[in-house]
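Notes follow once the structure below has been shown.
The values are calculated or read from the model by the stated rules, or taken from the named source; none is laboratory data. Nothing here was measured: the structure is a model prediction, and the numbers come from that model. No Cβ is skipped: glycine too gets one built from the backbone with ideal geometry, and neighbour counts run over all protein chains shown. Side chains included, ligands, DNA and RNA excluded: accessible areas come from the protein's heavy atoms. Shrake-Rupley method; radii C 1.70, N 1.55, O 1.52, S 1.80 Å.
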Amino acid sequence: LRDELRDAAAACDRVKHIIRDLKVFARNSERDAAGPINVHHVLELSMRMAQNEIRHRARLLKSLDNVSAVHGNEARLGQVFLNLLVNAAQAIEDGNADGNEIRVIARTGREGHVEVEISDTGSGITAENLPHIFDPFYSTKFAGSGLGLASVVGVVRSHHGALCAASEVGK
């Protein structure tokens with residue numbers, strides 16, 4: 001009984017953290033407000049929120065260099081990172097978490113811009129599908145709407161950023 005109560009308390013604690021993190025993404029009065037964003041903070045929130053999708057599929061590895069703040073909307077940028085992390089997790093079959101990884105890297109690029117890279121050890125995307133993954137309503141998932149990556153592109157562009165993807169089948 002003590003083990004079950006301990007598990008229930010741990011689950012309640014996880015829910016409390018998820019709800020707190022969701023509040024960042026769902027602030028009504030500040031939803032469209034723009035300002036300086038701490039990229040590490042937003043990445044950490046997004047990784048915590050995606051952890052339930054990730055933990056049974058892969059190890060989450062991160063390398064977060066000291067990067068400057070970016071100007072934009074914290075909630076919308078958090079949605080971008082969360083969507084990319086969930087997509088990375090869903091590209092990996094459930095059950096071999098120790099054998100797979102999702103890697104999150106934040107660094108300053110050659111031109112001084114902040115770069116965030118999210119990669120996974122999923123099965124990869126075919127060469128014919130890769131050019132279409134950001135198209136609205138395009139999905140390689142059986143139950144996918146095809147709107148996730150299309151909305152990600154819109155948010156990134158509205159923040160004066162760029163998005164690219166690279167993949168090979170089996171990598």
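For the range 89-98, the criterion of a residue being within 20 Å of Val169 (Cα to Cα) and of a type in the set (Val, Ile, Thr) is satisfied by at least one position. Could you list, in sequence order, the residues of the range 33-51 that are within 15 Å of Asn83 (Cα to Cα) and either more than 12 Å from the chain's Cα centre (by Cα) or of a type outside the set (S, T, N, Q) (or both)? Listed by number, the residues that qualify are Val42, Leu43, Glu44, Leu45, Met47, Arg48, Met49, Ala50. Residues in the range 74-117 that are in contact with an Asp or Glu (Cβ under 7 Å, 6 or more places away or on another chain) and without any contact (Cβ under 8 Å) to a residue 12 or more places away in the chain: 1 in all. Considering only the range 37-61, state which residues are within 25 Å of Arg157 (Cβ to Cβ) and either touching a strand residue (DSSP E or B) at 6+ places or on another chain (Cβ under 6 Å) or surrounded by 14 or more Cβ atoms within 10 Å (Cβ to Cβ) (or both). Listed by number, the residues that qualify are Ile37, Val39, His40, Val42, Leu43, Glu44, Leu45, Ser46, Met47, Met49, Ala50.
Can you tell me how many residues in the range 100-121 are open to solvent by 50 Å² or more (accessible area, probe 1.4 Å) and out of contact with any Leu (no Cβ under 8 Å at 6 or more places or on another chain)? Full working, then the answer.
In the first step, residues of the range 100-121 are kept if they are open to solvent by 50 Å² or more (accessible area, probe 1.4 Å); the result is 103, 107-108, 110-111, 113, 115-117, 120-121.
Add one more test, that the residue is out of contact with any Leu (no Cβ under 8 Å at 6 or more places or on another chain), and what stays is 107-108, 110-111, 113, 115, 117, 120-121.
Of the residues in the range 100-121, 9 are open to solvent by 50 Å² or more (accessible area, probe 1.4 Å) and out of contact with any Leu (no Cβ under 8 Å at 6 or more places or on another chain).
Gly124 passes every criterion in (1) surrounded by fewer than 17 Cβ atoms within 10 Å (Cβ to Cβ); (2) within 14 Å of the chain's Cα centre (by Cα) apart from (2).
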